[in-house]
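Step one of this worksheet: look at the structure below.
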Amino acid sequence: MGEIEDAIERADREAFTKDPPKTLKGQVGFLLKQLGSAKAVAQELGVTADSVNRYRRGARKHARADVAAKIDDAVKARWQPLVRKRRQKQAAASGGITVETRARFGYTSSAGSTDDGRFRRLTVHLPATYAQRLFDARDTGASDQAMRGIIAEGFKEVYFQDGGGRAMGLSDVEINDIDYLDLDY
């Protein structure tokens, strides 16, 4: 994995929007929604469909320790991907993505200005279009260099050119020698 992909994974793990169900009844209800039937849930857990229905109705308040552990694991395995998808969809639709980094930025600009790269510590909120492009690139297996290019293009537009208000002669921005990079959305 590259630095950008690692940062996306960290951002996914760090921000939970809602905890998974805690009660046995709630957990079994969630699994029923995900798997579709009591029989499918029973097969996953190694119990009978009748037991699953008793948990769902609340007739049994506690499962054996080994079954409770299996239920907990099954819920967690299915819960977090849903939360991640929802958060990424929101970032790509309207929320955008915040990039915090310390790296060497170099750029190509008009004559008379320096294009020597230098280390900068930047925290920049990029619009939703960049979040969508970054997630799409990751999902299609793009290289870390390609994802850096997306972030660099966003930095060029938002930070260096201030949305079109300055540095219009700036043509390319490159990110090199990344000390750290964190994403939040």
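The values are calculated or read from the model by the stated rules, or taken from the named source; none is laboratory data. Every value quoted in this text rests on a predicted model; they were computed, and no experiment measured them. Note that each Cβ is placed from the backbone with ideal geometry, even for glycine, and that neighbours are counted across all protein chains shown. Heavy atoms of the whole protein, side chains included, go into the accessibility calculation; ligands, DNA and RNA do not. Shrake-Rupley method; radii C 1.70, N 1.55, O 1.52, S 1.80 Å.
Between the residues Leu32, Ala59, Leu45, the greatest Cα displacement towards the positive end of the dipole of region 17-72, with unit charges on the Cβ of Lys, Arg, Asp and Glu, is found for Ala59. Note on Arg102 and Ala68: the extension gain reaches 7.8 nm, defined as 0.36 nm multiplied by sequence separation minus the Cα-Cα distance.
If you sort Ser37, Ser94, Ser51 by accessible surface, 1.4 Å probe, largest first, the order is Ser94, Ser37, Ser51.
When nucleic acids and ligands are ignored and a 1.4 Å probe is applied, Phe30 ends up with an accessible area of around 20 Å². In the complete set of protein chains, residue-level accessible area for Asp50 is approximately 100 Å², probe 1.4 angstrom.
This structure gives semi-axes √(5λ) of the Cα gyration tensor in Å, computed directly, and of [x] 23, 21, 17; [y] 48, 14, 12; [z] 26, 22, 17 that value is listed as [y]. Normalised per residue, the accessible area of the chain is 56 Å², obtained with a 1.4 Å probe and no contribution from ligands, DNA or RNA. Label sites at Gln145 and Val83, each approximated as a point 7 angstrom past Cα along Cα to Cβ, lie 3.6 nm apart. Stretched out straight at 0.36 nm per residue, the stretch from Asp172 to Thr48 would grow longer than its current Cα-Cα span by 38.4 nm. Of the residues Arg78, Arg54, Arg102, the one that moves most in a GNM of the chain with alpha-carbon contacts below 10 Å is Arg54.
Each residue was assigned an accessible area with a 1.4 Å probe, and for Leu24 the value is about 20 Å².
Would you kindly give the portion of the calculated P(r) for region 16-106 that falls above 20 Å, as a percent of all Cα pairs? Result for the distance tail: 45 percent.
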